[in-house]
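The values are calculated or read from the model by the stated rules, or taken from the named source; none is laboratory data. Keep in mind that this is a model prediction, so the values were computed, not measured. As a convention, Cβ positions derive from the backbone with ideal geometry for all residues, glycine included, and neighbour counts pool all protein chains shown. Quick note on the areas: whole protein, heavy atoms, side chains included, nothing else; ligands and nucleic acids left out. Shrake-Rupley method; radii C 1.70, N 1.55, O 1.52, S 1.80 Å.
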Amino acid sequence: MTAPDFLPFARPQIDSATIEAVGRVLASGWITAGPKVLEFEARLSDFFGGRPVRAFANGTASMEVALRLAGVGPGDEVITTPLTWVATANVIVAVGALPVFVEIDPRTRNIDLAAAAAAITPRTKALMPVFLAGLPVDMDGLYELAHRHGLRVVEDAAQAIDSRWNGRPIGAFGDLVSFSFQANKNITCAEGGCLVVNTADEARRSERLRLQGVVRSGSDGMDVEEPGGKSNLTDINAVIGLHQLEGLQAVTRRRAELAEMYFAAGQRAGLESLGIELPLRSSASGPMTNWHMFQVLLPEARLRGGRGAAMEDLRAAGIGTGVHYPAVHLFTFYRSQGWRPGMLPHAERVGRSILTLPLYPSLREEDIERVCTRLALVCQSLLR
Ligand SMILES: *Cc1c(COP(=O)(O)O)cnc(C)c1O
């Protein structure tokens, strides 16, 4: 008998046409930002209903540029969620502003908009929601709150490509919307990102901020009015993204099928009776997730060795899992800004107990059965 395949929690899917297209770019004599980036931006703009889009080297850079476009700087506060990849908070710090973490809704695991409303002060400049695992927040409520207080919105939609709100893709409406095409995301450029903006002016300023602030004129003129960074995408990465974008619909459909298989297999394995919480199911109206991740909450306080022991036992059984994410406000740097354990109990509990299970298009139904059966066994054996 051979051991079953190791199942990672995520796995990029790159076909041979993509590999050949990357080879053609490498052989073309033009390998950095060029025609493939322009084509990628055009296809993304089509997807987002014609809104202007600019590509970036990664989603962190596109979020930082979004904050600059929103006029966020020293002395400003940005309200966000602690249950995110730390990039969200780090870019707020990078532009000199203060991240204000508020509580999450433990069912959606996203920012609680009532808590966000309660945290608004005269210094608040922007709201920065994150769509964890691809699940949008209440977008009507979000923009109603922003408009009522004259706030900009920077959506960290890094995980939310092809997620929908009342049938419309995230990014096709709203204020500044940032996506990531890092290797684990639903579509990837290996590394990459993009920013959806409102106007041609914002698009031009995005171009300047992603390349040193340089403005060219005539055949030899160059000027810088506002220094920028260096975060352009390359044609090598863009051509990967172009191929991935063509497969996006199929990827989203497959992920939804796999999520349904998880709910069914999870029920057969009795996960909920072991105290394991499953993610929220999407409905046809309102928020529709792209199932970027399938995440459960473990009864970690009742497990000998906690979540770490469960992860080790799963790994030994050939099942890779991930933690997305520990609550950001408890990291040493953010504690130095005054954040303490106990301030955001829902986020802290979810951060301690959340576990990402394998989910990617080539996963099979029998793999999901195996993950759920083993997860139940592991928790049973560790429960005190
Ligand atoms: C991936 C991710 C980012 C950052 O994207 P990079 O492309 O890795 O810079 C930001 N926020 C969230 C929620 C992410 O998942």
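Taking region 86-144 on its own, how many of its residues are farther than 30 Å from V251 by Cβ and in a helix (DSSP H, G or I)?
9
Could you please find all residues in region 309-348 being open to solvent by 70 Å² or more (accessible area, probe 1.4 Å) and closer than 30 Å to F6 by Cα?
Those that are open to solvent by 70 Å² or more (accessible area, probe 1.4 Å) and closer than 30 Å to F6 by Cα: E312, R315, A316.
Got a number for residues in region 57-85 being hydrophobic (A, V, I, L, M, F, W, C), part of a helix (DSSP H, G or I) and surrounded by fewer than 24 Cβ atoms within 10 Å (Cβ to Cβ)?
Of the residues in region 57-85, 1 are hydrophobic (A, V, I, L, M, F, W, C), part of a helix (DSSP H, G or I) and surrounded by fewer than 24 Cβ atoms within 10 Å (Cβ to Cβ).
Run A146 past the list (1) open to solvent by less than 10 Å² (accessible area, probe 1.4 Å); (2) more than 24 Å from R349 (Cα to Cα); (3) within 16 Å of the ligand (Cβ to nearest atom) and report the number of the one that doesn't hold.
Looking at each condition in turn, A146 falls short on (3).
Looking at A94, A70, A119, A89, which is the one that is away from the ligand (no atom under 16 Å from the Cβ), of a type in the set (G, A, S), outside the structural domain of G338 (by TED's automatic domain parsing) and out of contact with any Lys or Arg (no Cβ under 8 Å at 6 or more places or on another chain)?
Only one candidate passes the filter, namely A119.
Within region 285-294, can one find any residue that is part of a helix (DSSP H, G or I) and in contact with a helix residue (DSSP H, G or I) (Cβ under 9 Å, 6 or more places away or on another chain)?
Taking every residue of region 285-294 in turn, none turns out to be part of a helix (DSSP H, G or I) and in contact with a helix residue (DSSP H, G or I) (Cβ under 9 Å, 6 or more places away or on another chain).
Suppose the filter is basic (K, R), assigned by TED's automatic domain parsing to the domain that holds A190 and open to solvent by 50 Å² or more (accessible area, probe 1.4 Å); does R24 pass it?
yes
Which residues, counting only those in region 29-44, are touching a residue at least 12 places away in the same chain (Cβ under 8 Å) and either over 17 Å from E191 (Cα atoms) or open to solvent by 20 Å² or more (accessible area, probe 1.4 Å) (or both)?
Across region 29-44, the qualifying residues are W30, I31, T32, A33, P35, K36, E39, R43.
Would it be correct to say that A10 is open to solvent by less than 80 Å² (accessible area, probe 1.4 Å) and not assigned by TED's automatic domain parsing to the domain that holds E366?
Judged against the criteria, A10 is a match.
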